[in-house]
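In what follows, a single structure is set out as structure tokens and then discussed.
The values are calculated or read from the model by the stated rules, or taken from the named source; none is laboratory data. A quick note: this is a predicted structure, and the numbers were derived from the prediction, not measured. Note that we place each Cβ from the backbone using ideal geometry, even for glycine, and neighbour counts take in every protein chain shown.
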Amino acid sequence: MSKARTELKRNIKENPYLLAGLIITGLILLMTIVGIFWTPYEPTAMNSAEKLKGVSFRHLMGTDNMGRDIFSRVMYGSRITLLIAIGTVAIGAGVGTIIGALTGYFGGMLDEVMMRIIDALFAFPSILLALVIVSVFGTGWIQLLISLGIAFVPSFARIVRGEVLRCKNMDYVENARLQGVSDFRMIFVHIVPNIKGVLASSIMIGFNNAVLAEAGLSYLGVGSQPPYASLGKMLSDAQQYMFTMPTYVLFPGAIIVLMVLGFAFLGEGISRWK
Amino acid sequence: MSDRDVLKVADLNVYYKNRKRKLFSKKNKKIHALHDVNVSMEEGEVLAIAGESGSGKSTLARAIVGINKDYTGTIWQKYDRPQMVFQDPYSSLNPAKKIGWLLEEPLRVDKTRTWTKEEMRKRVLEILDEIELPVSYLDRYPAQLSGGQRQRVCIGIALMRSPKLLIADEPVSALDVTIQAQILELLENLHRKHGISIIFISHDLRVVYKISDHVMIMKDGRVVEYGETKELYRNPKAEYTKSLLKAAGIVK
């Protein structure tokens with residue numbers, strides 16, 4: 001345990017990306033977690049006396065067109081955004097890793113067929129694909145999460161397949177096979193730990209894409225439904241007030257940017273881990 | 001077939017798939033890697049297989065341990081699960097796992113019995129003693145070990161479940177000379193102590209002379225000459241053997 005801690009300390013010292021990523025992501029997470037228990041105002045509470053106010057001590061990020069406190073709404077919205085992003089990556093990376101590892105390891109007919117299906121999925125932009133799935137299963141954040149997750153499977157499957165192909169002819173795999181390691185154990189116990197570096201950084205990148213895709217889809221109106229809003233939904237609501245009250249659009253946008261930036265730094269930091 | 005045989009290979013032909021599969025070629029051409037190889041070895045002997053690169057030494061080894069399944073002929077073995085030590089200790093240990101974990105793995109996947117934690121620990125310490133590595137190395141990753149130490153670990157992994165037949169595929173070729181001597185000594189000790197039969201693959205005829213009872217010379221997938229090591233070195237019959245011995249500086 002203490003060994004892991006000294007390793008972490010050393011890496012943070014030598015690796016500014018990791019430090020920056022940890023700080024930014026930490027702040028965002030802190031804000032989101034605090035938002036679960038406490039927000040300055042009720043995120044849905046309207047106050048017609050204070051519509052579209054700028055930054056003040058009463059409202060740190062100003063208020064929106066219905067007099068709701070933007071800071072409170074951002075705290076709540078980042079929770080939805082994070083949840084969707086984490087769920088998306090969990091589905092995409094989980095299913096993608098399993099498909100990629102199995103097809104890469106066993107090869108043959110299974111590989112050919114699965115890869116052509118993946119190719120077909122790749123042909124659609126992920127937002128379009130998610131849009132199709134949402135329009136079939138209805139709107140709402142769970143549908144959004146599942147559809148984005150499916151849209152993210154191909155890229156993970158590709159990456160993992162390539163890495164497994166690289167590893168499966170290594171001597172250590174043959175060595176393990178001689179000892180009687182089963183195929184399943186070989187894939188998930190012997191090979192997958194060797195690709196965790198690549199997997200970790202693609203999870204980080206995937207996470208960013210998920211945040212952006214969620215924002216994009218919510219902007220198009222298929223994500224979370226009013227009165228609660230994800231960050232992307234807030235952006236789309238705010239666009240008509242962009243010039244009258246710029247803080248309304250700036251703050252949710254800035255939080256999205258910070259979220260993506262934090263995870264990008266974190267991913268970069270992890271890939272440079274020594 | 002005498003009772004003392006541990007391995008008997010008869011009329012073995014091994015094929016490799018041609019990797020370059022062209023779109024419109026009708027037949028999948030195979031490469032014929034071994035031609036009618038016959039070997040037998042007795043319990044507790046060291047059989048050396050020597051020959052130049054590409055002569056089929058490793059192919060034979062891989063067929064015996066069952067990595068390459070595309071063969072005709074028969075491979076009979078008295079005991080199952082022969083173990084193998086690979087040539088390159090830098091690629092034959094899983095870089096993501098600690099030495100202790102790697103040593104335990106053969107026991108964890110043992111289908112014949114289940115090993116308790118204590119038994120595993122005890123066995124690992126026994127093996128660690130055999131391969132002459134300190135206990136502190138259990139917590140290290142392969143990348144933190146030198147080539148010679150890694151090869152010791154590979155030998156240790158192969159020995160975990162006390163195999164009766166060990167195939168060493170050029171186990172010292174990737175190591176420098178002083179370490180080579182240590183690893184050879186280790187193999188010899190193990191052979192003497194446990195009576196393991198060893199197939200020792202090498203292109204170094206001096207090493208072969210030191211370690212083996214019988215030697216088999218191979219070229220282009222065929223057995224050129226087979227015999228007792230001392231006798232064969234003193235009195236080589238085949239032209240190819242003579243030229244090999246000459247190249248190694250053993251005979252003039």
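Going through (1) assigned to a strand (DSSP E or B); (2) facing another protein chain (nearest Cβ under 9 Å); (3) surrounded by fewer than 21 Cβ atoms within 10 Å (Cβ to Cβ); (4) aliphatic (A, V, I, L, M) one by one, B:M84 falls short only on (3).
Looking across segment A:150-187 at every residue that is at the interface with another protein chain (Cβ under 9 Å from one of its Cβ atoms) and aliphatic (A, V, I, L, M), the one that is surrounded by the most Cβ atoms within 10 Å (Cβ to Cβ) is identified as A:A176.
Do we have any residue at all in segment B:122-144 that's closer than 24 Å to B:I67 by Cα, surrounded by 15 or more Cβ atoms within 10 Å (Cβ to Cβ) and under 22 Å from the mean Cα position of the chain (by Cα)?
Our first condition is that a residue be closer than 24 Å to B:I67 by Cα; within segment B:122-144, this holds for B:142.
Still in the list and also surrounded by 15 or more Cβ atoms within 10 Å (Cβ to Cβ): B:142.
Narrowing the set further to residues that are under 22 Å from the mean Cα position of the chain (by Cα) leaves B:142.
Scanning segment B:122-144 turns up at least one residue that is closer than 24 Å to B:I67 by Cα, surrounded by 15 or more Cβ atoms within 10 Å (Cβ to Cβ) and under 22 Å from the mean Cα position of the chain (by Cα).
Within segment A:23-66, the set of residues being of a type in the set (A, V, I, L, M) and over 25 Å from A:I84 (Cβ atoms) comprises A:M46, A:A49, A:L52, A:V55.
Mind listing whichever residues of segment B:131-153 are assigned to a helix (DSSP H, G or I) and in contact with a Gly (Cβ under 6 Å, 6 or more places away or on another chain)? If the condition is that a residue be assigned to a helix (DSSP H, G or I) and in contact with a Gly (Cβ under 6 Å, 6 or more places away or on another chain), then B:L138 is the only one that fits.
Scanning segment A:139-156 for residues that are among the aromatic types (F, W, Y) and either closer than 14 Å to A:A213 by Cα or not in a helix (DSSP H, G or I) (or both) yields a total of 2.
Yes/no matrix, rows are residues, columns are (1) on the phi < 0 side of the Ramachandran plot; (2) under 25 Å from the mean Cα position of the chain (by Cα); (3) surrounded by 17 or more Cβ atoms within 10 Å (Cβ to Cβ):
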| residue | (1), (2), (3) |
| --- | --- |
| A:L8 | yes, yes, no |
| A:T25 | yes, yes, yes |
| A:I33 | yes, yes, no |
| A:P40 | yes, no, no |
| A:T44 | yes, no, no |
| A:N47 | yes, no, no |
| A:K51 | yes, no, no |
| A:R68 | yes, no, yes |
| A:V74 | yes, yes, yes |
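Within this structure, B:L107 passes the test of being within 14 Å of chain A (Cβ to nearest Cβ), surrounded by fewer than 21 Cβ atoms within 10 Å (Cβ to Cβ) and in contact with a helix residue (DSSP H, G or I) (Cβ under 7 Å, 6 or more places away or on another chain). Could you please find all residues in segment A:13-61 being in a helix (DSSP H, G or I), under 20 Å from A:A229 (Cβ atoms) and of a type outside the set (V, I, T)? Correct list: A:L29, A:M31, A:G35, A:F37, A:S48, A:E50.
Residues considered: A:V257, A:V249. Of these, the only one that is in a helix (DSSP H, G or I), among the β-branched types (V, I, T), touching a Phe, Trp or Tyr at 6+ places or on another chain (Cβ under 8 Å) and without any contact (Cβ under 8 Å) to a residue 60 or more places away in the chain is A:V249.
Inspect all residues belonging to segment A:218-238 and state whether any of them is buried (at least 16 other Cβ atoms within 10 Å of the Cβ), modelled with pLDDT of 85 or more, assigned to a helix (DSSP H, G or I) and more than 14 Å from every other protein chain (Cβ to nearest Cβ).
Looking for residues that are buried (at least 16 other Cβ atoms within 10 Å of the Cβ), modelled with pLDDT of 85 or more, assigned to a helix (DSSP H, G or I) and more than 14 Å from every other protein chain (Cβ to nearest Cβ), one finds none in segment A:218-238, hence no.
Residues in segment B:28-69 that are over 23 Å from B:M160 (Cβ atoms), away from chain A (no Cβ under 14 Å) and in contact with a helix residue (DSSP H, G or I) (Cβ under 9 Å, 6 or more places away or on another chain): B:A33, B:L34, B:V37, B:V39, B:A48, B:I49, B:A50, B:G51, B:E52.
Per-residue answers, yes or no, for (1) part of a loop (DSSP other than H, G, I, E, B); (2) among the basic types (K, R):
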| residue | (1), (2) |
| --- | --- |
| B:R161 | yes, yes |
| B:I167 | no, no |
| B:P171 | yes, no |
| B:Q180 | no, no |
| B:L184 | no, no |
| B:E188 | no, no |
| B:I198 | no, no |
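When A:R185, A:R166, A:R158 are screened for being of a type in the set (K, R), within 21 Å of the chain's Cα centre (by Cα) and modelled with pLDDT of 90 or more, only A:R158 passes.
Condition check for B:Q151 on (1) within 13 Å of chain A (Cβ to nearest Cβ); (2) of a type in the set (S, T, N, Q); (3) over 29 Å from B:G56 (Cα atoms): one failure, at (3). Taken over segment B:92-130, the criterion of being part of a loop (DSSP other than H, G, I, E, B) and farther than 22 Å from A:V173 by Cβ is satisfied by B:T112, B:R113, B:T114, B:W115, B:T116.
Yes or no, residue by residue, for (1) more than 20 Å from B:R123 (Cβ to Cβ); (2) at pLDDT below 90:
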{"site": "B:R152", "(1), (2)": "no, no"}
{"site": "B:I155", "(1), (2)": "no, no"}
{"site": "B:A158", "(1), (2)": "no, no"}
{"site": "B:D169", "(1), (2)": "yes, no"}
{"site": "B:V172", "(1), (2)": "yes, yes"}
{"site": "B:D176", "(1), (2)": "yes, yes"}
{"site": "B:Q182", "(1), (2)": "yes, no"}
{"site": "B:G227", "(1), (2)": "yes, no"}
{"site": "B:E231", "(1), (2)": "yes, no"}
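Taking each residue of segment A:70-87 that is over 13 Å from A:A229 (Cβ atoms) and looking for partners that are assigned to a helix (DSSP H, G or I) with beta-carbon atoms closer than 6 Å, six or more apart or interchain, yields A:L82/A:T32; A:A85/A:F207; A:A85/A:A210; A:A85/A:V211; A:G87/A:L145.
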